[in-house]
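Please read the structure below before turning to the comments.
The values are calculated or read from the model by the stated rules, or taken from the named source; none is laboratory data. Predicted model only: the values in this text are computed from it and were never measured. Note that we place each Cβ from the backbone using ideal geometry, even for glycine, and neighbour counts take in every protein chain shown. For accessibility, only protein heavy atoms count, side chains too; no ligands or nucleic acids. Shrake-Rupley method; radii C 1.70, N 1.55, O 1.52, S 1.80 Å.
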Amino acid sequence: MIELHYWPTPNGHKITLFLGESGLPYTIKPVNIGKGEQFEPKFLTISPNNRMPAIVDTQPADGGEPISVFESGAILQYLAEKTGRFMPADARGRYKVLEWLYWQVGGLGPMLGQNHHFNRYAPEKIPYAIDRYVNETRRLYGVLNKRLEGRAFIAGKDYSIADMAAYPWIVPYENQGMALEDFPHLKAWFVAIRERPATQRAYAMGEQIKGRFDLTTDEEARKVLFGQGARH
């Protein structure tokens, strides 16, 4: 039913977390971003920003032609609406989930991504950039930690797409220069999600797909990932 164009990055993991929890039937279409497969014309027809993940729903609810969706936040919202799961039906609950979903896609993901880049991948270590993004990472962890005080999950008592969006970006916390012990409410939430069977299956599958590919040592992959310009 769902074709998932995927590579095991934080944004890719968001979607396998949902699919594993929901039980929707799906197939994986690997997109090896280190080899530039995200630029192939067929993939660009469903993801014009040349980024994965993207999905194709071959059996949409309206019974019409297949629907393609790109951008991880939009995919999570689409799947939640399709299944009626992991997002409340009432307006107050729905928008609480959506505001935290958008907080992740607009802030947590991009800022932590810059943290990763300047700490791990940049050929030149720029102290100003490293300090800026490590400090912003710490601030965002603090926002999430405060939000989780007295709550099991980000939007309240129920696991939602807001949690699925945020969790994969916290997984590499050590590479971000963070210690979970400094954020006790966030840590309790993180451990609870890590222990969910669907989470463990999603990450195990990602490791199988990735195999031996390592972005930190593959120079050609670095050129593909970080040397992108406009393509016409």
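Brief remarks on what is shown
- Solvent exposure of Lys96, expressed as accessible area, is near 70 Å², computed with a probe of 1.4 Å over the protein chains only.
- Under a model in which nothing but the beta-carbon of Lys, Arg (+1) and Asp, Glu (-1) is charged, the chain shows a dipole of about 320 debye around its Cα centre.
- In this simple spin-label approximation, Asp62 and Thr45 carry label points 7 Å from Cα along the Cα→Cβ vector, and these lie 2.0 nm apart.
- Calculated FRET efficiency for the pair Asp182/Ile126, C-beta based, R₀ 22 Å, to 0.05: 0.35
- The phi torsions of region 96-109, fed into the Karplus equation with coefficients 6.51, -1.76 and 1.60 and a -60° offset, translate into couplings of 5, 5, 5, 5, 6, 4, 6, 4, 5, 6, x, x, 4, x Hz, rounded to whole numbers, with Gly and Pro shown as x.
- Normalised convex hull volume, the chain, alpha-carbon set, Å³ per residue: 131 Å³
- Compared with the rule-of-thumb size 2.2 N^0.38 Å for a compact globular protein, region 1-120 has a Cα radius of gyration ratio of 1.10.
- With at most 14 other Cβ atoms within 10 Å, longest stretch of the chain clear of loop GluC sites (Glu not before Pro) (DSSP): 1-123
- R0 of 25 Å, Cβ-Cβ distance Glu71-Arg138: FRET efficiency to nearest 0.05: 0.40
- Eligible aspartates and glutamates near Lys96 by straight Cα distance, threshold 17 Å, same-chain separation 8 or greater: Glu81, Glu149, Asp158, Asp163
- Among the listed pairs Lys82/Lys146; Lys82/Lys157; Lys14/Lys82; Lys29/Lys187; Lys157/Lys187; Lys14/Lys210, those beyond 25 Å (Cα-Cα): Lys82/Lys146; Lys29/Lys187
- 11 Å beta-carbon shell around Gly12, net charge (K/R +1, D/E -1): +3
- In this structure the amide hydrogen of Ser47, modeled in the peptide plane, comes within under 5 Å of no amide hydrogen from residues 5 or more places off or on another chain.
- Calculated [θ] (222 nm, deg cm²/dmol) that DSSP helices of n ≥ 4 give over the chain, each run adding -39,500 (n - 2.57): -15000 deg cm²/dmol
- Shown here for region 22-86: chymotrypsin sites (Phe, Trp or Tyr not before Pro) in loop regions (DSSP other than H, G, I, E, B) with at most 15 other Cβ atoms within 10 Å, of which there are none.
- Cut-off under 5 Å, modelled amide H: who pairs with Tyr6 long-range: Lys29, Val31
- Accessible-area order (highest first, 1.4 angstrom probe) of the listed residues Arg92, Arg132, Arg85: Arg92, Arg132, Arg85
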